[in-house]
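The values are calculated or read from the model by the stated rules, or taken from the named source; none is laboratory data. Not measured: the values here are computed from a predicted model. Here Cβ is always computed from backbone atoms with ideal geometry, including for glycine, and neighbour counts include all displayed protein chains.
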Amino acid sequence: MFSLVMTFGLTSAMASDQSPAIVASASPPPPASTPSIQVVPLRPSQSGSEANTSQSPATTQSPATTRPPATTQPAQPVATAVDGNVFRNPFGAVQVRATFGPDGSLSDVTVLQSPNSNGLSVRINNYAVPVLNNEALSAQSARINGVSGATYTSYGYVRSLQSAIDAARAEQVTTLA
């Protein structure tokens, strides 16, 4: 997957009275800021004795997308897990993984990183994270209220969740905004 990067600037052969040139080049998106998308089956996989051993291993379609191997069985509904961007604050980093059901609804939010540099941060986040998860699932959105006393975590959570929703929408996994 490539994104179009537009660079605006003066070319070296340009006279001072000419307009700036627009140069377009294709370059891969930066890996650190790109949310990853992973398709996860909703049902448990087959046991070893039932599995078709002639299947090829899972292939990676892009650095951020992983799909299960093709099977001869009817298509299973799948959930899609999308990692949001990491947002740093004075107490640590916050990152969430949003899981979308086959219908595009937000079915789960898992916190991958939260501030844990000291005991107070851990206690605050042990309280705040479940509240934020419930709010997000109820709202089916990142437009949720923050938790009093966990302002930095709440802000990072909302931003990371919104980045995951945006990435899922770009991949046509969901229509949530």
Matching residues, region 138-157, being in contact (Cβ under 8 Å) with a residue 24 or more places away in the chain and either surrounded by fewer than 16 Cβ atoms within 10 Å (Cβ to Cβ) or of a type in the set (S, T, N, Q) (or both): 140, 141, 149, 153, 154, 155
Hits in region 102-148 - residues which are within 19 Å of residue 88 (Cβ to Cβ) and over 18 Å from the mean Cα position of the chain (by Cα): 115, 116, 117, 118, 120, 121, 122, 124, 125, 128, 146, 147
Unique match (being in contact with a helix residue (DSSP H, G or I) (Cβ under 6 Å, 6 or more places away or on another chain), surrounded by 19 or more Cβ atoms within 10 Å (Cβ to Cβ), of a type outside the set (Phe, Trp, Tyr) and in a loop (DSSP other than H, G, I, E, B)) among 116, 85, 125: 85
So residue 110, is it outside any loop (DSSP other than H, G, I, E, B), at pLDDT below 95, closer than 23 Å to residue 172 by Cα and in contact with a strand residue (DSSP E or B) (Cβ under 8 Å, 6 or more places away or on another chain): no
Some residue of region 162-177 being of a type in the set (S, T, N, Q), under 28 Å from residue 77 (Cβ atoms), assigned to a helix (DSSP H, G or I) and more than 13 Å from the chain's Cα centre (by Cα): no
